[in-house]
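This report refers to the structure that appears directly beneath it.
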């Protein structure tokens, strides 16, 4: 199963008119992050288990990391730690710079919580 979800947003202000074409940007969510909602990213990877393994040193060890649940809507609150989808650019950024800041919460096409870089968020909104 392909885990890519795409969010599209108009770069132009508002919906396009007949006189102008709007550019759309796509954020492909093909990475995963262990994320404390509203706080920080503890680990990243190209699949959920590799993100959990990356987070192990920050959240109490491998056993605790492997028990982190995947995000489902209306189930978790701020402060809960979950696995969410994120962009590949965010995976690369966190691997090089850490996960305390430089990212944004967004939603995938189905409305689920996802994460991307600040640059991706800014280029995908009006």
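None of the figures in this text is laboratory data; all of them are computed from the coordinates on show. Keep in mind the model is a prediction, meaning the values are calculated, not measured. Positions of Cβ are generated from backbone atoms using ideal geometry, with glycine treated the same way; all protein chains shown enter the neighbour counts.
Points to keep in mind about this one:
- The calculated Kirkwood hydrodynamic radius for the stretch 37-126 is 13.4 Å, given to one decimal from all distinct C-alpha pairs.
- Here the calculated FRET efficiency for residue 57 and residue 37, from their Cβ-Cβ distance with R0 = 30 Å, stands at 0.90, rounded to the nearest 0.05.
- Most tightly packed first, judged by the mean number of other beta-carbon atoms within 10 Å of their residues, the peptides 107-115, 75-83 read 107-115, 75-83.
- Counting neighbouring beta carbons within 10 Å and listing from fewest to most, the residues 46, 90 come out as 46, 90.
- Nearest-0.05 FRET efficiency for residue 78 and residue 26, computed from C-beta distance (R0 25 Å): 0.35
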